[in-house]
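Notes for the one structure printed next.
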Amino acid sequence: MGTNYYAVRNRASVETPIHIGKSSLGWKFHFQEQDIDSHNPPVEWHTYDQVIEWLKKYTVESNEYVIMDEYDEIVSLEEFMELIERKQEENNPDNFRYGVKNVNGYRFSEREFW
């Protein structure tokens, strides 16, 4: 069982939330790679640093987005980063199998997952 996290507009919008990734028991956090040129603002992340840079810019600096879990709970960037760091301590031998890339020790997938 796990929890999905999304970047969601901090105002009414018809845009689809941006899937950041999923936290599952016993696994490192699983990030969803993004490359959406048509989104406003564009979203492109393939590394942990890119994810955090985008989230800082749009959740903290401009307050345009919030981080929200699948249970509609808002999570601060600080809380989210603490979650990621805790999850980095997970040492499941299958962390980087099943189509998951190891990007500087963080789990990333190009394909969509939930």
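The values are calculated or read from the model by the stated rules, or taken from the named source; none is laboratory data. The model shown is predicted, which means the values in this text are computed figures rather than measured ones. Glycine also receives a Cβ, built like all others from the backbone with ideal geometry; neighbour counts cover every protein chain displayed.
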Margin query: Any residue at all in the range 82-91 that's without any contact (Cβ under 8 Å) to a residue 60 or more places away in the chain and surrounded by 17 or more Cβ atoms within 10 Å (Cβ to Cβ)?
Written below: yes
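Counting only residues that are part of a helix (DSSP H, G or I) and either aromatic (F, W, Y) or modelled with pLDDT under 95 (or both), which one in the range 3-54 is nearest to the chain's Cα centre (by Cα)? It would help to see each step written out before you state the result.
Taking the range 3-54 and keeping what is part of a helix (DSSP H, G or I), we get 48-54.
Checking the rest, the ones that are also either aromatic (F, W, Y) or modelled with pLDDT under 95 (or both) come to 48, 54.
Details: Y48: 9, W54: 10 Å.
Across the range 3-54, the extreme among qualifying residues is Y48.
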Check: Residue check, D49 against (1) in contact with a strand residue (DSSP E or B) (Cβ under 7 Å, 6 or more places away or on another chain); (2) over 16 Å from N4 (Cα atoms); (3) of a type in the set (D, E), all met but one. Which one?
Finding: (1)
Next item on the list: Hey, could you check the range 12-48 for residues that are in contact (Cβ under 8 Å) with a residue 12 or more places away in the chain and charged (D, E, K, R) and say which is farthest from Y106 (Cα to Cα)?
Entry: E15
Notebook entry, point to check: Which of the residues that make up the range 75-114 are at pLDDT below 95, of a type in the set (D, E, K, R) and under 13 Å from the mean Cα position of the chain (by Cα)?
Noted result: E110, E112
Checklist line | Pairs, first without any contact (Cβ under 8 Å) to a residue 40 or more places away in the chain and at negative phi in the range 92-110, second surrounded by 13 or more Cβ atoms within 10 Å (Cβ to Cβ) and part of a loop (DSSP other than H, G, I, E, B), C-beta under 6 Å, six or more apart | finding: N102/F96
